[in-house]
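Student: One structure, pasted below without further comment.
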Amino acid sequence: MPQTILIVDDEVRMLDLLASVVEALGYRAVTASGGVAALEQIERDGIDLVLTDLRMPGLTGRDLLLAVRKLDATLPVVIMTAYSSLRDAVELIREGAFDYINKPIEQDELATTLANALRLNDALRDNERLRQELGGRYESGGLVGGSPAFQRIVRAVGEVAEQRTTVLITGESGTGKEIVARAIHANSPRRGRPFVAVNCAAIPEALLESEFFGHIKGSFTGALANRVGRFAQAEGGTLFLDEVGDMPLALQAKILRVLQERSYEPVGATTPRATDVRIIAATNRDLNARVAEGTFREDLYYRLAVFPIHLPPLRERAEDIPLFLDRFVEQLAPTLGKRGIRFSADAVARLAGYRWPGNIRELQNCVERSLISAHGAVIEADDLPSYISTAPAAPPATAGFPTDLDAEVAEYERRRIVEALRQAGGVQVRAAELLGINERSLWHRLKKFGITVSRAVGVDG
Ligand SMILES: Nc1ncnc2c1ncn2[C@@H]1O[C@H](COP(=O)(O)OP(=O)(O)OP(=O)(O)O)[C@@H](O)[C@H]1O
Ligand SMILES: [Mg+2]
């Protein structure tokens with residue numbers, strides 16, 4: 001039976017036209033001339049996809065999208081817009097639209113978008129089943145941490161893993177970007193397929209294209225045999241674009257095309273190759289600043305930042321430090337022949353107060369060094385590497401007195417709201433959920449603190 005597409009537009013001529021195009025593509029078309037009628041159709045009829053105009057009197061396309069998301073978590077919505085404001089479009093995708101297409105509608109583009117959306121929809125429904133079978137339990141992927149910041153990260157990993165959504169992980173060096181990317185893959189339906197990591201900063205520019213897309217034997221001097229690119233290696237799995245902020249502009253354009261068209265051409269090939277790869281990108285750079293200075297494409301940034309995860313530096317989640325110490329001692333002590341060794345309470349306090357510019361990796365190295373040079377069964381504060389014992393301590397988390405309690409509480413509140421918005425990728429309903437407040441109350445607080453959602457999630461340039 002053909003799949004059913006609900007077309008929503010306030011212009012009757014447009015509805016007829018689109019219906020005939022959709023039917024020519026082999027689908028069943030049903031139409032509604034407004035948002036309310038559309039919702040009735042969705043409740044009544046077995047609809048597989050909603051294709052809606054954005055600007056309509058009464059319920060707009062966006063209102064319809066939000067209403068659909070409440071009714072059905074997986075029903076794909078594709079939005080048609082005459083105004084190709086990238087920012088609006090990204091906002092719509094954040095709010096759960098599968099994709100958007102610009103008017104006037106081109107038949108080829110419509111065909112590809114509909115096919116992709118319907119395919120994804122099948123996959124999502126499968127995932128939902130799988131998740132229910134697994135009882136909603138997630139693999140921790142060996143991640144350590146107990147702080148609220150860490151719990152938010154784990155929650156984000158769990159939420160996004162199921163989907164094919166592109167994820168952008170940001171954070172200072174050594175904060176765990178790669179291990180988080182691996183955790184997403186390990187919890188995704190792709191876990192049985194490859195996780196391929198590419199360091200975009202480490203490949204000579206001339207080789208980048210063939211590295212990613214492969215090449216055909218003889219396509220250039222030195223191409224002595226066919227070469228399998230990273231996309232092909234990652235087929236069905238996840239491609240981790242590490243240090244994405246350092247990717248040269250020419251390659252950025254190519255990667256953007258793959259994200260949009262889900263196909264690419266190996267160097268020297270004449271026909272595009274379809275690809276099913278999930279992209280996770282990571283960077284320790286400020287991509288907004290790179291966009292502003294013109295070294296990173298804005299459109300690629302929007303495509304990547306659909307689901308941003310920010311990893312806070314270790315010094316901002318110092319309560320996790322003792323947990324890391326336990327984990328690293330447990331891992332390293334046996335291999336170094338130092339079983340049963342531990343840090344004294346003083347040493348732990350000293351470590352918890354250090355600033356850790358190299359974050360978790362630096363902590364790991366420090367534990368290793370301390371274990372190697374330890375003599376007794378207990379590592380004292382004085383046995384720590386000297387750069388730690390002499391470094392000025394990070395400012396204590398609780399400031400001294402006198403204090404302005406109201407201002408402090410307000411500042412804390414503001415920070416948590418911004419964090420929640422970030423974690424929720426700017427989706428206010430979700431941010432409110434994370435904060436345990438209702439949407440109205442979130443809205444009041446946004447106004448009170450003058451928080452702009454786009455700025456909070458960092459897409460505001
Ligand atoms: N939550 C965690 N639990 C356990 N180990 C962690 C955690 N986060 C990071 N690590 C460990 O810390 C080290 C650094 O992590 P990772 O390589 O993922 O960081 P990164 O952000 O990719 O760093 P860089 O920017 O330098 O590439 C790794 O050895 C990783 O296993
Ligand atoms: Mg890394």
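The values are calculated or read from the model by the stated rules, or taken from the named source; none is laboratory data. Worth saying up front: this structure is predicted, and the values here are computed from it rather than measured. Positions of Cβ are backbone-derived with ideal geometry, glycine not excepted, and every protein chain shown enters the neighbour counts.
Student: Of the residues in the range 135-170, how many are at pLDDT 90 or above, surrounded by fewer than 22 Cβ atoms within 10 Å (Cβ to Cβ) and within 16 Å of ligand 2 (Cβ to nearest atom)?
Tutor: Total satisfying the criteria: 0.
Student: Would you be able to tell me the number of residues in the range 1-29 that are hydroxyl-bearing (Ser, Thr, Tyr), within 17 Å of Thr113 (Cβ to Cβ) and out of contact with any strand residue (DSSP E or B) (no Cβ under 7 Å at 6 or more places or on another chain)?
Tutor: 0
Student: From the list Thr166, Thr175, Thr170, Thr238, pick out the single residue that is touching a strand residue (DSSP E or B) at 6+ places or on another chain (Cβ under 6 Å), within 16 Å of ligand 1 (Cβ to nearest atom) and more than 24 Å from Trp356 (Cβ to Cβ).
Tutor: Thr238
Conditions (1) part of a loop (DSSP other than H, G, I, E, B); (2) of a type in the set (D, E, K, R), marked per residue:
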position: Ala333; (1), (2): no, no
position: Gly337; (1), (2): yes, no
position: Gly340; (1), (2): yes, no
position: Ala347; (1), (2): no, no
position: Arg355; (1), (2): yes, yes
position: Gln364; (1), (2): no, no
position: Arg369; (1), (2): no, yes
position: Ile372; (1), (2): no, no
position: Gly376; (1), (2): yes, no
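Student: Could I ask something else about it? Hey, which of the helices (runs of 4 or more DSSP H) in the range 7-115, taking only ones fully inside, have at least 1 residues that are under 21 Å from Val453 (Cβ atoms)?
Tutor: 61-71, 86-94
Student: On to the next question. Quick check: is even one residue across the range 245-252 surrounded by fewer than 19 Cβ atoms within 10 Å (Cβ to Cβ), small (Gly, Ala, Ser) and more than 16 Å from ligand 2 (Cβ to nearest atom)?
Tutor: Within the range 245-252 (the criterion being surrounded by fewer than 19 Cβ atoms within 10 Å (Cβ to Cβ), small (Gly, Ala, Ser) and more than 16 Å from ligand 2 (Cβ to nearest atom)), the answer is yes, since at least one residue qualifies.
Student: Moving to a separate point now. For Tyr301, which of the numbered conditions (1) buried (at least 17 other Cβ atoms within 10 Å of the Cβ); (2) within 16 Å of ligand 1 (Cβ to nearest atom) fails to hold?
Tutor: It is condition (2) that Tyr301 fails.
Student: I'm trying to understand the selection: among the residues of the range 171-184, which are assigned to a helix (DSSP H, G or I) and either near ligand 2 (Cβ under 9 Å from one of its atoms) or surrounded by fewer than 22 Cβ atoms within 10 Å (Cβ to Cβ) (or both)?
Tutor: Within the range 171-184, Lys177, Glu178, Ile179, Ala181, Arg182 meet the criteria.
Student: Taking into account only those residues within the range 189-210 that are more than 18 Å from Arg285 (Cβ to Cβ) and touching a strand residue (DSSP E or B) at 6+ places or on another chain (Cβ under 7 Å), which is nearest to ligand 1 (Cβ to nearest atom)?
Tutor: The qualifying residue nearest to ligand 1 (Cβ to nearest atom) is Phe195.
Student: A follow-up question, please. Which members of the range 185-195 meet the condition of being more than 14 Å from ligand 2 (Cβ to nearest atom) and either outside any helix (DSSP H, G or I) or under 19 Å from Ala149 (Cα atoms) (or both)?
Tutor: Once the filter is applied, which keeps residues that are more than 14 Å from ligand 2 (Cβ to nearest atom) and either outside any helix (DSSP H, G or I) or under 19 Å from Ala149 (Cα atoms) (or both), the range 185-195 yields Asn187, Ser188, Pro189, Arg190, Arg191, Gly192, Arg193, Pro194.
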